[in-house]
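The values are calculated or read from the model by the stated rules, or taken from the named source; none is laboratory data. Computed from a predicted structure; not experimentally measured. Backbone-built Cβ (ideal geometry, glycine too); neighbour counts: all protein chains shown. These accessible areas exclude ligands, DNA and RNA; they are computed on the full protein's heavy atoms, side chains included. Shrake-Rupley method; radii C 1.70, N 1.55, O 1.52, S 1.80 Å.
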Amino acid sequence: MARNNKLNKLRLCIVVAGLAVLSVSLGASNAFADDNPISSAVQIQSASGLADSIEQTAGEVPVASETGTKMGRAKQTEATRGGKIVDELEKLPDLNVRADDAVEEHKPHGASLAGVQPGVTKYSDLRKTPTFANPVEEETVDGFQVAIYQDPTLPDTTIQIVGKDDLVEAIMINLPEARSESDARKVFESEIKDVRPIWTPDELGNFREVFPEKGVAFVLEPGDTPGLPSNRVIQIVAETVKGEYFIMRAEQDLHVSYTYARDDAEHALLHDANAPGAYWILAQTHLAVGDITNARKHIYRAIKLNDSLPQFHLTYIDTLIHAGEVESALRYMDAVRDSFVEHPLFQIEGLVLDSFMRNEQAEPDYDGAITQGQRALKLLVTLYESNLTPEVIWSAKKLEKRANLSIALAVARKAWKNAGDQEKAFEWLDAATAVAAELDKMMSEDSQLPTAQIEVLQAGLDVCLEMPDAKEVDAYTQRMIAAADIYLKKAKDEVSAATVRWRAGKALTNGARIYEARGDSNKAASVGEKALGYLSIVTQYRPPIDRIPTALAQLELGRVYAAGLDDFDKAAAYFDKAAELFEQIQDVVRPRDAALVGTPLAAAATDCWKLGKKEESVDMLESAVTFLEIAYDGGFADDGDLWKLYTNLSTMCRGVKDSANADKYKKLADQFAPAEK
């Protein structure tokens, strides 16, 4: 009996003592399709302190991060070397995120054995149940109450029931010999039916197959391959349902289905309203579909709860870039840069984001964007020479794709002495296309994610917008429509489907602008209506500020029908819908977005004027001026932009015999007039 007790105590430590759970990428599907470039389950240890470059760390063996502890629970330590991160967060716009956000109280609903349910049954009530009335031994181990039972019908099988603060925490069935996983499932067959399990290593080198909804876990013997489990079970565990397991599965869900990931993150919050990892997962799913408002809310909350994880900061920076608040993103990057410098993948992602920021800041630094993107690619070459897991390779390939796309955009936008150099942007797009093909091959058979080519095609049309005469425009447009429609016809993942609609809609809006610039109004109308169809589905329930792409698509269609197809009734309908949204966002629009809105709105006003719709033209140009003034204050428009608009508006007002406003806008135009040479 003494030998059995020693074994029991040892196994007790596996399950209860601190639950030091480590996350690995060994989900049920063995999938590695993460839409976010950095998987939080990956770190590369440095042999000595902070790494100044990837060369010092790339050769180390990737190990799993303590996801269950760090991501599943709020921070218990002071701020990390990233600086006064929380203070920096407070400088950013108020997101109305309350510390006491209401979250539904969730009652435990896990598995039970003979009427005893962890998280529900009182430990002191065990003796009231016929099955557990007479333990063969009771003891206290590190503050945990332990009752050991021997079932006469199961020779050599012991059952331990562990309690804490008079509440049953776990039930453990220790098997006398290893049994197959399929046999073990029969014990809790009704509880774990249709539940997707996850695998986590324990402190002794075994693996636990966990069924999060029911708190059921099988402790598995190591397999023949080092670091991988067998299908032989040595212990069956029923424990309190924990939010951290849902977070771990949500990370794995990101390889397969964004809907699964979102649902698991929300489920985790029902058990732990302060689980930072759940908010991080939700931020990624919202960001993917262009829901910037909620993405910011969730990642803000994650960092407030735990500022020690680099991936949280990188996601926040990415969100700020998408929100058009590049200056805030740059400032935040400076505050947290040291927090990820020792991790190669995080370091590389920082370079990629830095490249994107240089492309999008008020005064773009295209040379810097190219340099940072190339630095990231060089470091990736070094990383690939290391002994990498499939998960790290997947994350690295995502970063390689994004670096190529950022460089392509910078090359397309930069003013070159040799005009032919701009065409080299398509070489970078071709490189990204090749990487996307590799990523598609790495997807598991049960992945519900779209092709990785969608992001490349979106970037392709962004690049073509800089070169509207490029021969590649037709190919990118046709491929985007085909890829989106093929995926959407079979899509089971509603969040990923929304992501495809968002990306395709934004890209095809640019396609419509290109065809309109070419004078091909019929194709511009066809592509623009396709874009609006995608975007309207995705953004109809969003706050107005997140509907700008939809408004721009409507505005572009209005211009096409007004100036190109002479159908002002249709044009007016699109203009009215766009104007309704523009009016809603005037008080909250961000400077960069204001520039994106103001310029095409001014062009649409000119189109209306040419068609004789003078009153409508004045109203539209006044709205354009409002947006360009916001853009000007934020550094996204210059004196010349305002001078042109005020001058045109003054002329239009005189044309409708509004002398007072004509004089007002003439005086404003004079303030911004270019200096005489």
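Values as computed for the structure displayed
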item	result
Environment charge at Ala111 (Cβ cut-off 10 Å; Lys +1, Arg +1, Asp -1, Glu -1)	-2
Global geometry of region 284-388, whether rounded, prolate or oblate, following the gyration tensor of its Cα atoms and the 1.5 cut on a/c	oblate
Relative contact order (%) - criterion: Cα under 8 Å, at least six apart; region: region 252-364	18 percent
Region 177-322 - Rg (one decimal) and Dmax (whole number), Cα, Å	17.2, 56
Spatial extent of region 489-594: Rg and Dmax, with the Cα atoms as the point set, Å	13.9, 41
Relative contact order, percent, region 452-535 [alpha-carbon distance under 8 Å, six or more residues apart]	33 percent
Per-residue ³J(HN,Hα) for region 370-386, Karplus 6.51 cos²θ - 1.76 cosθ + 1.60, θ = phi - 60°, Hz, x for Gly and Pro	5, 4, 5, x, 5, 4, 4, 5, 5, 5, 5, 4, 5, 4, 4, 7, 8
Fully extended contour minus Cα-Cα distance, from Glu385 to Trp416, at 0.36 nm per residue	7.7 nm
Selection of chymotrypsin sites (Phe, Trp or Tyr not before Pro), region 644-677, meeting DSSP coil and at most 11 other Cβ within 10 Å	none
Ordering of 461-468, 346-353, 331-338, 420-427 by burial proxy (mean other Cβ atoms within 10 Å per residue, highest first)	346-353, 461-468, 331-338, 420-427
Karplus-derived 3J(HN,Hα), 6.51/-1.76/1.60, for each residue of region 458-470, Hz, glycine and proline x	4, 5, x, 6, 4, 5, 4, 4, 7, 9, x, 8, 4
Alpha-carbon centroid distance for the pair region 561-599 / region 388-447, whole angstrom	33 Å
Region 419-540: proportion of alpha-carbon pairs further apart than 26 angstrom, %	21 percent
Net charge contributed by nearby residues that have their C-beta within less than 12 Å of Tyr123 (K/R +1, D/E -1)	-1
Estimated Rh, region 405-472: Kirkwood, alpha-carbon pairs, angstrom	12.8 Å
Range of Cα positions in region 578-659 per principal axis (Å), largest first	33, 27, 19
Thr158 long-range amide H proximity, modeled H, under 5 Å	Asn174
Amide H contacts of Gly223 (H built 1.01 Å from N, under 5 Å, at least 5 apart or other chain)	Leu228, Ser230
Largest to smallest accessible area among Ile234, Ile171 [probe 1.4 Å]	Ile234, Ile171
Contact order relative to length of region 395-548, as percent, for alpha carbon pairs under 8 angstrom and 6 or more apart	18 percent
Part-to-part distance (alpha-carbon centres) for region 251-296 and region 605-677, which is given in Å	44 Å
Sparsely packed GluC sites (Glu not before Pro) within region 598-677, loop by DSSP, other Cβ within 10 Å at most 13	Glu676
Accessible-area composition of region 278-378, carbon plus sulfur, in percent [1.4 Å probe]	46 percent
Shape of region 297-454, Cα gyration tensor, a/c cut at 1.5	oblate
In region 580-666, the trypsin sites (Lys or Arg not before Pro) that fall in loop regions by DSSP, at most 13 other Cβ within 10 Å	Lys657
J(HN,Hα) series, region 253-261, from Karplus relation 6.51 cos²θ - 1.76 cosθ + 1.60, nearest Hz, glycine and proline x	4, 4, 7, 10, 7, 5, 5, 4, 4
